[in-house]
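Novice: Here you go, one structure.
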There are 2 protein chains.
Amino acid sequence: MTHRDGQARRGVLTTPHGSVETPVFMPVGTQGAVKAMTARDLEDVGAMIILGNTYHLSLRPGAELIARLGGIHEFASWQRPILTDSGGYQVFSLASRRQVREDGVRFQSHLDGAACELTPESSVDIQARLGSDIAMVLDDCPALPAAEALLAESVALSARWAARCRARFLALHPGSTSDVTITNPGQVQFGIVQGGISPDLRRRSADATMQIGFEGYAIGGLSVGEDPEQMYRTVEMTAPLLPAESPRYLMGVGTPADLAECVARGIDMFDCVMPTRNARNGQLFTSEGLLNVKNARFAEDDRPPDLVCGCYTCRTYSRAYLRHLFLSGEIVGSTLNTLHNLYFYLDTMRGIRDAIAFGTFEKFRQDLSRIFSRRSLTP
Amino acid sequence: MTHRDGQARRGVLTTPHGSVETPVFMPVGTQGAVKAMTARDLEDVGAMIILGNTYHLSLRPGAELIARLGGIHEFASWQRPILTDSGGYQVFSLASRRQVREDGVRFQSHLDGAACELTPESSVDIQARLGSDIAMVLDDCPALPAAEALLAESVALSARWAARCRARFLALHPGSTSDVTITNPGQVQFGIVQGGISPDLRRRSADATMQIGFEGYAIGGLSVGEDPEQMYRTVEMTAPLLPAESPRYLMGVGTPADLAECVARGIDMFDCVMPTRNARNGQLFTSEGLLNVKNARFAEDDRPPDLVCGCYTCRTYSRAYLRHLFLSGEIVGSTLNTLHNLYFYLDTMRGIRDAIAFGTFEKFRQDLSRIFSRRSLTP
C-alpha cells in the first residue's frame with residue numbers, strides 16, 4: 001500500500017512476471033487470448049495483468065498441453081502477470097448436467113458434452129500446470145436468488161473446498177513430488193468470500209477464508225443480477241473484514257462507475273468482460289458516456305469516438321468509419337472498438353490511482369458516476 | 001522503369017498519395033478495410049497501396065457519403081495510395097438478376113435486393129467521388145468458358161464502354177462543372193484488356209484499349225478457372241502488346257508462384273484475396289510452402305509458422321497457439337494469420353524487386369515455383 005484516500009487504496013502487487021499497480025482492471029482472456037487483441041495491442045492500451053479462464057483452457061487445448069509448452073505465459077506469448085479463475089463459475093454458468101457433491105462438481109463440457117469433473121484439488125493442479133501468477137480457489141456458485149439456508153450450506157461447502165484447495169496448493173508449492181508440472185513456482189493463491197447479499201453469510205465466509213489464509217482475497221458472487229446498491233453495500237461491509245495488507249479482488253465487476261464505487265469501498269482488483277464484449281456489440285465507453293457506433297446519427301460524423309481519448313482508434317478513425325465497419329461485419333471493427341474500450345477502462349484506472357495519490361479521489365468518483373449510470377448498460 | 005531483367009521490370013509508380021515501388025502486390029480492402037487489418041497493421045507489413053471495391057463501397061456506405069467525408073483516404077484513414085476497381089467484376093460475381101445492355105448493367109444489390117444500375121459513366125463518377133489514386137474502367141465480365149463469338153461481342157462491348165469511361169473521366173478531370181465531387185484531382189485511369197485465353201481477342205482488345213489511351217493498362221478476365229499454363233501463356237502474349245512505359249496490372253492474381261511467373265512475363269501490379277482469405281481459413285504461406293494451422297500435428301509445435309519470417313506473428317507466436325486460436329474461433333487468430341500472409345506476399349515482392357535489380361530474378365522465380373505449386377492451393 002503506498003497511498004490511501006478514505007477507504008480507497010493505491011498500492012503495488014508483486015508477481016513472478018512483474019509488478020502491477022493497484023487498483024487495477026484485468027482484461028478477460030477467456031481462451032488464452034483477450035478477444036480481438038494481440039499481445040502488442042494489449043501492451044499498447046496499457047494492460048498490466050490479464051485473466052485466463054481455467055474452465056475453457058482445461059477443456060481446450062488442455063492444461064497438460066500448456067504445461068508441456070512451458071505454461072500459459074509461454075503459450076500465449078504474454079510475459080506480464082496472469083490471473084486464472086478456478087473454473088467453478090464457468091462450470092456453473094456454461095456446462096450442463098451439473099452435480100455438486102462434497103467431493104467436487106461433475107458436469108458435461110459445453111464443447112462436446114464429455115463427462116468432466118472438477119474438484120478443489122484438480123482445480124489447483126490445473127492452475128499449477130497453467131502457471132498463472134495468481135490462482136483462485138474453487139468455490140460453489142449457486143444460482144441467485146437462493147434461499148438463505150441454501151446459501152448458508154453453499155458458503156460452508158465453499159469454505160471446506162477452500163481448505164482443500166489451500167492444502168493442495170501448499171503440497172504442490174514448492175518442491176512437489178507429485179506428477180503435476182509446476183510451470184510457475186512463484187504462483188500465489190487467493191481465497192474467495194461468498195455469501196450473496198447477506199451480511200451474516202459474508203462475515204462467516206470472510207472469517208472462514210481468512211482462517212485458512214491466502215495471499216489475497218476475492219469477493220465473489222456479486223454482479224449476478226442484484227441491484228447495484230445491494231452490490232455496493234455488500235462490498236462496503238465485506239472489504240473492511242479482509243486483511244488491510246492483502247490485495248482485495250472483486251470478481252466480474254463492472255461498469256466504469258462500479259470500478260470507482262468499489263475502489264471507494266476498498267477494492268484493489270477487478271475483471272469484467274464488459275469492455276471487450278460491449279466493444280464487439282458496437283458499444284463504446286467514452287468520457288461523455290456510452291456511444292453506440294451503429295447509431296444512424298454517426299453515419300457522417302467524422303469525429304473520433306471520444307474527443308479527448310488518446311487511444312489508437314480515437315487518434316486514427318472516425319465514428320462514421322467505425323459505424324461502417326460494424327454494419328459491414330468487418331472484424332477489424334471489433335479490434336478497433338475493443339482497443340478503445342480497454343484503453344478507456346485502463347485509463348480510468350490510471351486516473352483513479354492518480355486521484356488516490358493526490359487526495360482527489362472523491363471528486364473523480366463523483367464525475368464518473370455522473371457520466372455512467374448503471375441502468376443504461378447492458379453487460 | 002528503373003531496372004529490367006528479361007521481361008521483368010522494376011520501377012516506381014507515382015500517385016497523389018506517394019510513390020509505389022513495382023512490381024507491387026495490393027492487399028484487397030473490399031469494404032474500405034483490408035479484412036482483420038488496422039492501418040498500422042498494414043503499414044507494419046509494408047503495404048504500399050491497397051485496393052478498394054467500388055461495388056461494395058457504392059452500396060454501403062455510398063460514394064456520396066464518402067465524398068462528403070473527404071474521400072476514401074480520409075474515410076478509411078489510409079494515407080497511402082488506393083486503387084479502386086470499376087465494380088463490374090463484383091456485379092457479375094455477386095449481384096443477382098443481371099441484365100447487360102449497351103448502356104450498362106442492371107442488377108439487384110446482394111445486400112438488400114435493391115434495383116441498381118452501373119454504367120460506364122456512373123462507375124467513373126463513383127470512383128471520382130471515392131477519390132482513389134487509380135480508377136479502373138467498367139468492363140463486361142462474362143462467365144467462362146464462353147463461346148468465341150460471345151467473347152468477341154463482350155470484348156467489343158468492353159471497348160465501347162472503355163471509350164465512354166475515358167470520355168467521362170476526361171470531362172471530370174480537371175475543372176469539372178458537373179455535380180460530381182472530385183475528392184482526388186490527381187486520380188488516373190487504367191484501361192482493361194479482356195479476351196479470355198484467345199490470342200486474337202486479346203490483341204484486338206489491347207489495340208482498342210491503347211487507341212483510347214490510359215495512364216496504365218490492366219489484364220482482366222484471368223484466374224477465373226482456366227489452367228495456370230493458359231493464364232501464363234495469355235499474360236506472356238498480352239503484356240508485350242502494351243506500352244513499355246505504362247504500368248501493367250494483372251487483376252485478381254494470384255499465388256506466390258503466379259506473382260513471380262507473371263512478373264517474368266512483364267507484369268508490374270497484382271491484387272488477390274488469397275493471402276487474406278486463406279489466412280482466415282487457417283492457411284499460411286511460408287518459405288517452406290503451405291501450412292494449415294489447424295493441422296493436429298501442430299498441437300504442441302512451439303515453433304513460429306515460418307522459421308525465417310520477420311513478421312510480428314512469427315516473431316511472437318507459435319504454431320500451437322495459432323492452432324488453438326483457430327480451433328477456438330478467436331478472431332485475433334484471423335488477425336495474426338492475415339498479418340503473416342500479407343507480410344509473406346509483400347516480402348516476396350520485395351525479394352522480386354531486389355532480384356530484378358541484382359539480375360538474379362530467374363533464380364528467385366525458380367525457387368518460388370518449386371515451393372508453391374498451384375495445384376495445392378485453394379483460393
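The values are calculated or read from the model by the stated rules, or taken from the named source; none is laboratory data. Quick caveat: nothing in here was measured; it's all calculated off a predicted structure. In this analysis, Cβ positions are derived from the backbone assuming ideal geometry, glycine residues included, and neighbour counts consider all displayed protein chains. Protein only, heavy atoms only, side chains kept; ligands, DNA and RNA dropped before computing areas. Shrake-Rupley method; radii C 1.70, N 1.55, O 1.52, S 1.80 Å.
Novice: Where does the stretch A:1-125 land on the Kirkwood hydrodynamic radius, alpha-carbon pairs, in angstrom?
Specialist: Values: mean 1/r = 0.0619 Å⁻¹.
Result for the stretch A:1-125 stands at 16.1 Å.
Novice: While we're looking at this one, here's another question. Using only DSSP helix segments of four residues or longer, with each worth -39500 (n - 2.57), what per-residue ellipticity at 222 nm results for chain A after dividing by its residue count and rounding to 500? Intermediate values should be presented prior to the final figure.
Specialist: Numbers: 15 runs with 159 residues, N = 379.
Value at 222 nm, helices only, nearest 500: -12500 deg cm²/dmol.
Novice: Still on this structure, I have one more. Using the Cα centre of the protein assembly as shown as origin and beta-carbon charges of +1 (Lys, Arg) and -1 (Asp, Glu), tell me which of B:8, B:24, A:193 is placed farthest towards the positive end of the dipole.
Specialist: So the residue we want is A:193.
Novice: Mind listing, in residue-number order, the residues in the stretch A:288-312 that have at least 10 Å² less accessible area with every protein chain present than in their own chain alone (1.4 Å probe)?
Specialist: A:299, A:300, A:302, A:312
Novice: Could you rank A:21, B:121, B:148 by how accessible they are, 1.4 Å probe, largest area first?
Specialist: Details: A:21 70, B:121 50, B:148 100 Å².
My answer, sorted largest first, is B:148, A:21, B:121.
Novice: Carbon and sulfur atoms: what percent of the 1.4 Å accessible area of chain B do they account for?
Specialist: Working: 6960 of 13990 Å².
Taking all protein chains in place, chain B shows 50 percent carbon and sulfur surface.
Novice: When chain A is treated as a GNM, springs tying every alpha-carbon pair under 10 Å, which of A:167, A:279, A:218 comes out with the largest mean-square fluctuation?
Specialist: Highest fluctuation of the listed residues: A:167.
Novice: Taking 2.2 N^0.38 Å as the expected size of a compact globular protein, what ratio does the Cα radius of gyration of the stretch A:192-278 give against it, to two decimals?
Specialist: Taking the Cα Rg and dividing by 2.2 N^0.38 Å, one obtains 1.01.
Novice: When ligands, DNA and RNA are left out and all protein chains stay put, how many square angstrom of accessible area per residue does the protein assembly as shown have with a 1.4 Å probe?
Specialist: Heavy-atom SASA per residue in the protein assembly as shown reads 37 Å².
Novice: How would B:237, A:1, B:349 line up by accessible area, probe 1.4 Å, largest first?
Specialist: Numbers: B:237 45, A:1 110, B:349 0 Å².
Descending accessible area places them as A:1, B:237, B:349.
Novice: Cysteines of chain B lacking any other cysteine beta carbon under 4.7 Å?
Specialist: Lacking a cysteine Cβ partner under 4.7 Å: B:116, B:141, B:165, B:262, B:272, B:311.
Novice: To continue, here is another question. So how much slack lies between residue A:373 and residue A:200, counting 0.36 nm per residue of separation and subtracting their Cα-Cα distance, in nm?
Specialist: Here the segment from residue A:373 to residue A:200 would lengthen by 59.4 nm.
Novice: Which one, B:314, B:116, B:272, has the greatest fluctuation when you compute a Gaussian network model over chain B with C-alpha springs under 10 angstrom?
Specialist: Comparing B:314, B:116, B:272 in a Gaussian network model of chain B, the most mobile one is B:116.
Novice: Another question, then. Am I reading the B/A interface right? What is its buried accessible area, both sides, 1.4 Å probe, to the nearest 100 Å²?
Specialist: Approximately 3400 Å² gets buried when B meets A.
Novice: Length gain on complete extension for the stretch residue B:308 to residue B:60, per 0.36 nm per residue less the alpha carbon to alpha carbon distance? If you can, show how the numbers build up before the last one.
Specialist: Numbers: separation 248, 0.36 × 248 = 89.28 nm, distance 4.04 nm.
Here the segment from residue B:308 to residue B:60 would lengthen by 85.2 nm.
Novice: What percentages make up the Cα-Cα pair-distance distribution of the stretch B:58-184 when the bins are 5 Å wide from 0?
Specialist: For the stretch B:58-184, the binned pair fractions read 2, 11, 20, 21, 20, 15, 7, 3, 1, 0 percent.
Novice: Still on this structure: Lys and Arg at +1, Asp and Glu at -1: add these up for the other residues within a Cβ distance under 13 Å of residue A:26 and post the number.
Specialist: Net charge in that neighbourhood comes out at -4.
Novice: Using a label point 7 Å beyond Cα on the Cα-Cβ vector, give me the inter-copy distances for residue A:371 in nanometres, one decimal, shortest first.
Specialist: 4.8
Novice: Still on this structure: How large is the charge dipole for chain B, taken about the Cα centre, if only the Cβ atoms of Lys, Arg (+1) and Asp, Glu (-1) carry charge, to the nearest 20 debye?
Specialist: Roughly 340 debye for chain B.
Novice: Project the alpha carbons of the stretch A:304-366 onto their principal axes and report the range along each, largest first, in whole Å.
Specialist: 46, 18, 18
Novice: Now for a different question. Gap in Å between the Cα centre of the stretch A:89-143 and the Cα centre of the stretch A:10-32?
Specialist: After rounding, the separation between the Cα centres reads 23 Å.
Novice: Where the centre of each part is set by its Cα atoms, how far does the stretch B:300-379 sit from the stretch A:196-231, in angstrom?
Specialist: Value for the Cα centre distance between the two parts: 50 Å.
Novice: Which value results when the Cα radius of gyration for chain B is divided by 2.2 N^0.38 Å? Intermediate values should be presented prior to the final figure.
Specialist: Working: Rg = 20.3 Å, N = 379, 2.2 N^0.38 = 21.0 Å.
In units of the 2.2 N^0.38 Å rule of thumb, it is 0.97.
Novice: Hey, with R₀ at 45 Å, roughly what FRET efficiency would residue A:99 and residue A:21 work out to, going by the Cβ-Cβ distance, to 0.05?
Specialist: 0.60
Novice: With heavy atoms of protein chains only and a 1.4 Å probe, what residues of the stretch B:324-363 have at least 40 Å² less accessible area in the full set of chains than alone?
Specialist: B:324, B:328, B:330, B:331, B:332
Novice: Find the chain B residue whose Cβ sits closest to the rotation axis that carries B onto A, and give that distance in whole Å.
Specialist: B:331, 2
Novice: Bin width 10 Å, alpha-carbon pairs only: give the P(r) of the protein assembly as shown as whole percents, running from 0 to the bin holding the largest distance.
Specialist: 3, 13, 21, 21, 16, 12, 9, 5, 1, 0
Novice: Any idea what diffusion coefficient the stretch B:111-236 gets from Stokes-Einstein, in µm²/s, Kirkwood Rh on alpha carbon pairs, 20 °C, 1.002 mPa s?
Specialist: It diffuses with D of about 139 µm²/s by this estimate.
Novice: Extending each Cα 7 Å along its Cβ direction at residue B:246 and residue B:146, get the distance between those two points in nm, one decimal.
Specialist: Distance between label points: 2.2 nm.
Novice: Separate question: Would you check the accessible area of residue A:17, probe 1.4 Å, heavy atoms only, in square angstrom rounded to 10?
Specialist: Solvent-accessible area, nearest 10 Å²: 50 Å².
Novice: Working out 0.36 nm times the residue gap between residue B:299 and residue B:108, then minus their Cα-Cα distance, what length gain in nm do you get to one decimal?
Specialist: 64.2 nm is the gain from fully extending residue B:299 to residue B:108.
Novice: Still on this model: When chain B is modelled as a GNM with alpha-carbon springs shorter than 10 Å, which of B:330, B:236, B:362 fluctuates the most?
Specialist: B:330
Novice: Run the label-point distances for residue A:60 please: 7 Å along Cα to Cβ, every other copy, nanometres, shortest first.
Specialist: Copy-to-copy label distances for residue A:60: 2.7 nm.
Novice: Measuring label to label, 7 Å along Cα→Cβ, what does residue A:350 give against each other copy in nm, shortest first?
Specialist: List, nearest first: 3.1 nm.
Novice: DSSP beta bridges in the protein assembly as shown, what fraction antiparallel, as a percent rounded to 5?
Specialist: 45
Novice: Taking the Cβ of residue B:14 as the centre, find all other residues whose Cβ is under 14 Å away and add up their charges (Lys, Arg: +1; Asp, Glu: -1).
Specialist: Result for the local shell: -4.
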